[in-house]
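Peer 1: First the structure, then my questions, so here it is.
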Amino acid sequence: MSFVASRLSLIKPSATIAVTQKARDLKAAGKNVIGLGAGEPDFDTPGHIIEAAKKAMDDGLTRYTPVNGIPELREAISEKFKRENGLDYSIDEITVGCGGKQVIFNAFMATLDPGDEVIVPAPYWVSYGDIPLLFEGKVVTVNCPAENGFKMTPQDLEAAITPKTKWLILNSPSNPSGAGYIKADLKALADVLMKHPHVWIMSDDIYEHVIYDDFKFTTIAQVEPGLKDRTLTLNGVSKAYCMTGWRVGYAGGPKELIGAMTKIQSQSTTHTSSVSQGAAIAALNGPQGFIADNNKMFKERRDLVVSMLNQANGLSCPTPEGAFYVYPSCAGTIGKKTPDGKVIETDEDFVTYMLETEGVAAVQGAAFGLSPHFRVSYATGTDLLEDACQRIQRACGALT
Ligand code: GLU
């Protein structure tokens, strides 16, 4: 019998983290690898946030904080929800964790009984598909193909709901597709949800600020206030403020749920770093202008990547509304042969081929629940992206 608990066999290691580490290891070994796996901005944390962290340390913000976060941070989050989302959450309806991932983990651990179902529109961020399994929840994936703009339709949602449904996860703009739900999309889903009062909604809004063109971000509790008392509105400073390593995620939701999540966190990490919390206050309350500058850069890169990937044999790449990912189909490469005679049978074969022949690291669509696709993060330098896309074009061109 294995020493490791049997529940470990229910989950896989995070594929996004694994690819990022693989690219890091190959680079450290002197290989010429371009990592398009990591879902994090390549920009540095803005200077005023760094200064706030230094000041927090100088001012003695170095001890334990309340489990759900220091009150000043929860005030800043409450203000943010009001200002940007028109949502009223008091500071006891808010909790802060070590990144969005821990907040999601807490929410599922606090609410899932064995057999409870979680509806996850696919393609989905890898961890939505695994975390519920640790608590014997059942993940019900709903295919949302490129033809539907990678978005779930109200009919799909209606068909997926059962008496065992506990949660629906929404993530707009989406990791990995970049698809964004406009207000009318969310209203149509909300109309279905209003008929099923036992279903809770986890709205992961972490890419709220990474949006392009005329896309207008909105979140479900704002679109349908009748759902607010069963919605967990989740966000964090990682993406908009270039603070992935600081590990600050947060959520607003009904007091009972927030209390249950906080109870769990009191038995795990206690709270995220006190210094990071000080920095997050500066992020939320400070100047926001740099976000638009970053988006301008991301948009240029998005357009470059979409155009170059669409010129690669066998690939087809839709233009996303937000986040910093594209999710091209590699259907046109399936069944083809590599120069050394291997047949590409899956998107995993395709990304392995790209890594081995051209040193481009991307994540296979299978990890996100919708194949045959792969995810490219374009949160990396423009020159590198151009080089990477040329390599992908070359790899695709060499298939017969
Ligand atoms: N959200 C990022 C990604 O998808 C970070 C890595 C992770 O936690 O999955 O790449």
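The values are calculated or read from the model by the stated rules, or taken from the named source; none is laboratory data. These numbers were taken from a predicted model, which means no experiment stands behind them. Using ideal geometry, Cβ is built from the backbone for each residue, glycine included, and neighbour counts are taken over all protein chains shown. Ligands, DNA and RNA are stripped out before the accessible areas are found, and what is left, the full protein with its side chains, is counted by its heavy atoms. Shrake-Rupley method; radii C 1.70, N 1.55, O 1.52, S 1.80 Å.
Peer 1: Which residues, taken from region 125-149, are in a loop (DSSP other than H, G, I, E, B), more than 15 Å from the ligand (Cβ to nearest atom) and open to solvent by 20 Å² or more (accessible area, probe 1.4 Å)?
Peer 2: F135, E136, P145, G149
Conditions tested, residue by residue: (1) in a strand (DSSP E or B); (2) modelled with pLDDT under 95; (3) away from the ligand (no atom under 16 Å from the Cβ).
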| position | (1), (2), (3) |
| --- | --- |
| S9 | no, yes, yes |
| P13 | no, yes, no |
| T20 | no, yes, no |
| G39 | no, yes, no |
| E51 | no, no, yes |
| K54 | no, no, yes |
| L61 | no, no, yes |
| F81 | no, no, yes |
| G100 | no, no, no |
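Peer 1: Here's another thing I want to ask about it. Suppose we filter T162, T111, T153 for residues that are under 28 Å from V305 (Cα atoms) and at pLDDT 95 or above; which single one remains?
Peer 2: Matching residue, one of T162, T111, T153: T153.
Peer 1: Given (1) crowded, with 19+ Cβ neighbours inside 10 Å; (2) not in a helix (DSSP H, G or I), where does A280 come up short, assuming only one miss?
Peer 2: Only one criterion in (1) crowded, with 19+ Cβ neighbours inside 10 Å; (2) not in a helix (DSSP H, G or I) is unmet by A280, namely (2).
Peer 1: Please tell me if L26 is more than 23 Å from the chain's Cα centre (by Cα), of a type outside the set (S, T, N, Q) and outside any helix (DSSP H, G or I).
Peer 2: no
Peer 1: Assuming A122 fulfils every condition listed in (1) touching a Phe, Trp or Tyr at 6+ places or on another chain (Cβ under 9 Å); (2) within 15 Å of the ligand (Cβ to nearest atom); (3) within 23 Å of I264 (Cβ to Cβ) apart from one, which condition is it?
Peer 2: Going through the list (1) touching a Phe, Trp or Tyr at 6+ places or on another chain (Cβ under 9 Å); (2) within 15 Å of the ligand (Cβ to nearest atom); (3) within 23 Å of I264 (Cβ to Cβ), A122 breaks only (3).
Peer 1: Checking the condition in contact with a Pro (Cβ under 8 Å, 6 or more places away or on another chain) and either under 17 Å from G259 (Cα atoms) or of a type outside the set (D, E, K, R) (or both), which residue from P123, P145, P66 passes?
Peer 2: P123
Peer 1: Tell me the helices (runs of 4 or more DSSP H) entirely within region 288-400 that contain at least 3 residues that are open to solvent by 30 Å² or more (accessible area, probe 1.4 Å) and within 27 Å of K216 (Cβ to Cβ).
Peer 2: In region 288-400, the matching helices (runs of 4 or more DSSP H) lie at 289-310.
Peer 1: For region 106-118, which positions are surrounded by fewer than 24 Cβ atoms within 10 Å (Cβ to Cβ) and either within 15 Å of the ligand (Cβ to nearest atom) or in a strand (DSSP E or B) (or both)?
Peer 2: E117
Peer 1: Being open to solvent by 20 Å² or more (accessible area, probe 1.4 Å) and part of a helix (DSSP H, G or I) is the filter here; which residues of region 257-277 pass it?
Peer 2: Within region 257-277, G259, A260, T262, K263, I264, S266, V275 meet the criteria.
Peer 1: Pick from T262, T319: which is closer than 25 Å to G99 by Cα and within 24 Å of the chain's Cα centre (by Cα)?
Peer 2: Criteria check complete, one pass: T262.
Peer 1: Residue by residue through region 61-104, note down the ones that are open to solvent by less than 10 Å² (accessible area, probe 1.4 Å) and basic (K, R).
Peer 2: K80
Peer 1: Out of all the residues in region 150-182, which are surrounded by fewer than 20 Cβ atoms within 10 Å (Cβ to Cβ), assigned to a helix (DSSP H, G or I) and without any contact (Cβ under 8 Å) to a residue 40 or more places away in the chain?
Peer 2: Residues satisfying the conditions are P154, Q155, D156, E158, A159.
Yes or no, residue by residue, for (1) closer than 22 Å to S6 by Cα; (2) not basic (K, R):
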position: E84; (1), (2): no, yes
position: E93; (1), (2): no, yes
position: G99; (1), (2): no, yes
position: F105; (1), (2): yes, yes
position: E117; (1), (2): yes, yes
position: G137; (1), (2): yes, yes
position: P145; (1), (2): no, yes
position: F150; (1), (2): no, yes
position: K166; (1), (2): no, no
